[in-house]
Amino acid sequence: MARRDPPSAKSGTLRLNKIDVAEAHIVSAVKLFFENGHPVSVYLLASAAREILTTLGDKMGVETLLHVMSEWKGEPLKETIKKAHGFARFFKHADMDPTAFLEFSEDEVDGILFIACHDFGRITRGMPVHAQVYEAFFLAQSYKHVSKLPLRNQRLVRNIIKAFPGVRSADRREKKRIGLAVLEKALVDPALRMEINRDIKLALEAVQP
């Protein structure tokens, strides 16, 4: 299967497909997140990537996290997507209720960015380093009682937690500082560079002779 390197912004003109765009959003969102950037900007970048990847998953026959959630909830995928995209609509558009206010918790960023990173891996079978680090960062804090996990998973989760020392008890700003330190080290580790399948093959094309 043909693979190619991600496009370089140094060339002036970029030839991008949807996976390239999703990757660019994720990399920028994770960097901005760990650098304590504005949560609205992080959320919008993550949400844009999530939207691209959910749609690609639907067209490529790949089950994304929102597909899983809609099945678990017993609701149409469109309804699950609508709920996941609620804040993004407010942040992007002013055609309805232009004077409205929105109560937005910064914690909302965490889950949508995780979905984008994880779904990128599901669709491309690889992840940029930024996505790998954020996914691990999120998971390190997700399991409150590691000892209650199946034995086969406990070692993996403990290793993930160990990679982010102190993150589980730190305040939010300190958590990001810890994550940024891990990211900076990861970016210079060649062992973490994953191969990413950038080919987009629609489900109907996949079954044609």
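The values are calculated or read from the model by the stated rules, or taken from the named source; none is laboratory data. No experiment lies behind these values; they were computed from the predicted model shown. Note that each Cβ is placed from the backbone with ideal geometry, even for glycine, and that neighbours are counted across all protein chains shown. Ligands, DNA and RNA are stripped out before the accessible areas are found, and what is left, the full protein with its side chains, is counted by its heavy atoms. Shrake-Rupley method; radii C 1.70, N 1.55, O 1.52, S 1.80 Å.
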Lone unmet requirement of (1) farther than 26 Å from LYS31 by Cα; (2) at pLDDT 85 or above for ALA116
(1)
Checking the condition open to solvent by less than 60 Å² (accessible area, probe 1.4 Å) and basic (Lys, Arg), which residue from LYS144, LYS175, LYS201 passes?
LYS175
Quick one: what pairs do we get from the range 147-174, first residue at positive phi, second assigned to a helix (DSSP H, G or I), C-beta under 7 Å, 6+ apart or different chains?
GLY166/ILE178
Name the single residue, out of those in the range 114-150 being among the aliphatic types (A, V, I, L, M) and part of a loop (DSSP other than H, G, I, E, B), that is farthest from the chain's Cα centre (by Cα).
LEU149
Please pick out the residue among GLU63, GLU103, GLU79 that is over 12 Å from the mean Cα position of the chain (by Cα) and in contact (Cβ under 8 Å) with a residue 24 or more places away in the chain.
GLU63
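Listed here are the residues, each with its yes/no results for (1) at pLDDT below 95; (2) open to solvent by less than 80 Å² (accessible area, probe 1.4 Å); (3) closer than 17 Å to ILE123 by Cβ.
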{"site": "ALA9", "(1), (2), (3)": "yes, no, no"}
{"site": "VAL21", "(1), (2), (3)": "no, yes, yes"}
{"site": "HIS25", "(1), (2), (3)": "no, yes, yes"}
{"site": "SER28", "(1), (2), (3)": "no, yes, no"}
{"site": "LYS31", "(1), (2), (3)": "no, no, no"}
{"site": "GLU35", "(1), (2), (3)": "no, no, no"}
Among the listed residues GLU75, GLU51, GLU71, GLU63, identify the single one that is more than 22 Å from ALA131 (Cβ to Cβ) and open to solvent by 70 Å² or more (accessible area, probe 1.4 Å).
GLU71
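Take the conditions under 20 Å from LEU56 (Cα atoms) and out of contact with any Lys or Arg (no Cβ under 7 Å at 6 or more places or on another chain) and apply them to LYS162. Does it pass?
Considered against the rule, which asks whether it is under 20 Å from LEU56 (Cα atoms) and out of contact with any Lys or Arg (no Cβ under 7 Å at 6 or more places or on another chain), LYS162 comes out as no.
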